[in-house]
Amino acid sequence: LVIGATGFVGGHLVKRLRREGLTVRAVVRTPARAQALVDLGVEVVPGDIGDPASLEAAAKGCDAIIHLVGIIQEGRGFTFRSVHVEGTQNVLDAAKKAGIGHFVYQSAVGSREGAKSEYHRTKWEAENLVRAGGIPYTILRPSLIYGRGDVFTIRLAEMIRLAPVLPVIGTGRSKIQPIYIDDVVSCLVKIAAGNSHLGKTYEIGGPEELTYEEVTKAIAAALGVDR
């Protein structure tokens, strides 16, 4: 069962899972809009992380759950706490009732107790729920993920195209280790397909450590923009 299958990571993941010959079920808030998943042979079921009954129905008969749902900014009707903490608890409760044998949770690099951002603090709380949930688990903490369809690159590229100067947030010297989406998907498939990673937490990143300014300049160069 993939929760978050219509998102950036989920969309790439289900394609790989199907290519590997694995049976996939996806929880989707609006199944009528998930024709791309159906075309891949994914079983689409209605559900929402805020609706425990829908999660219980979706989890029945599944061997593993890959929980990918997360937000990078709050909006009307949803907060970091409601999505990361309360939503994850609902998924865990459904997993217990369904007898799920492996719970895979996608967290994020930087998640820790006392983190400055609410995003990382609530991801850490969700991790602790998973660890204490009584279900065999694996936690994956990817660094910034890039690839076709990622929101970060799309938004930054739009800013670069439109701005009269090259926009750099902060000093531009903060370091990140971007990881390509196909590599994240490879890790998730290896984790979900076996039992050799149970009870473990992995932090993953790409081979290059770059400053934010270097990332900005690389995207500008790829766009052919000189500012």
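Structure notes:
- Residue check for Arg141: open to solvent by 90 Å² or more (accessible area, probe 1.4 Å), of a type outside the set (Gly, Ala, Ser) and touching a residue at least 12 places away in the same chain (Cβ under 8 Å): no
- On the stretch given as segment 144-169, residues that are more than 19 Å from Gly10 (Cα to Cα), part of a loop (DSSP other than H, G, I, E, B) and either small (Gly, Ala, Ser) or open to solvent by 30 Å² or more (accessible area, probe 1.4 Å) (or both) total 6.
- If you go through segment 184-200 and pick out every residue that is more than 22 Å from Ala132 (Cβ to Cβ), of a type in the set (A, V, I, L, M, F, W, C) and open to solvent by less than 60 Å² (accessible area, probe 1.4 Å), you end up with 5.
- From the options Gly10, Gly50, residue that is under 27 Å from Glu125 (Cβ atoms) and part of a helix (DSSP H, G or I): Gly10
- Residue within segment 181-203 that is modelled with pLDDT of 90 or more, touching a Ser or Thr at 6+ places or on another chain (Cβ under 7 Å) and more than 24 Å from Ala5 (Cβ to Cβ) present: no
- Selection status of Thr216, β-branched (Val, Ile, Thr) and open to solvent by less than 70 Å² (accessible area, probe 1.4 Å): yes
- Criterion (within 25 Å of Ile176 (Cα to Cα) and buried (at least 18 other Cβ atoms within 10 Å of the Cβ)) met by exactly one of Val24, Val14, Val104, Val42: Val104
- Scope segment 129-138; condition among the β-branched types (Val, Ile, Thr) and either crowded, with 20+ Cβ neighbours inside 10 Å or under 15 Å from the mean Cα position of the chain (by Cα) (or both); matching residues: Val130, Thr138
- Any chance Glu118 is open to solvent by 10 Å² or more (accessible area, probe 1.4 Å), under 27 Å from Ile176 (Cα atoms) and either in contact (Cβ under 8 Å) with a residue 24 or more places away in the chain or not acidic (Asp, Glu) (or both): yes
- Residues of segment 98-121 satisfying the condition of being in contact with a helix residue (DSSP H, G or I) (Cβ under 8 Å, 6 or more places away or on another chain) and more than 14 Å from Gly70 (Cα to Cα): Ala98, Ile100, His102, Phe103, Gly110, Arg112, Glu113, Gly114, Ala115
- Entry remark, segment 73-101: residues being out of contact with any Ser or Thr (no Cβ under 7 Å at 6 or more places or on another chain) and open to solvent by less than 20 Å² (accessible area, probe 1.4 Å) number 8 in total.
- Inspection of segment 141-148 finds a residue satisfying the criterion of being within 30 Å of Leu92 (Cα to Cα) and among the β-branched types (Val, Ile, Thr).
- Looking only at segment 37-47, residues that are touching a residue at least 12 places away in the same chain (Cβ under 8 Å) and assigned to a helix (DSSP H, G or I) come to 1 in all.
- Applying the set (1) open to solvent by 10 Å² or more (accessible area, probe 1.4 Å); (2) assigned to a loop (DSSP other than H, G, I, E, B); (3) not charged (D, E, K, R) to Gly172 leaves exactly one unmet item: (1).
- From the options Ile169, Ile219, Ile176, Ile191, residue that is over 15 Å from Val109 (Cα atoms) and touching a Phe, Trp or Tyr at 6+ places or on another chain (Cβ under 7 Å): Ile169
The values are calculated or read from the model by the stated rules, or taken from the named source; none is laboratory data. A quick note: this is a predicted structure, and the numbers were derived from the prediction, not measured. Quick reminder, even Gly has a Cβ in these numbers, built from the backbone with ideal geometry, and neighbours come from all protein chains shown. Ligands, DNA and RNA are stripped out before the accessible areas are found, and what is left, the full protein with its side chains, is counted by its heavy atoms. Shrake-Rupley method; radii C 1.70, N 1.55, O 1.52, S 1.80 Å.
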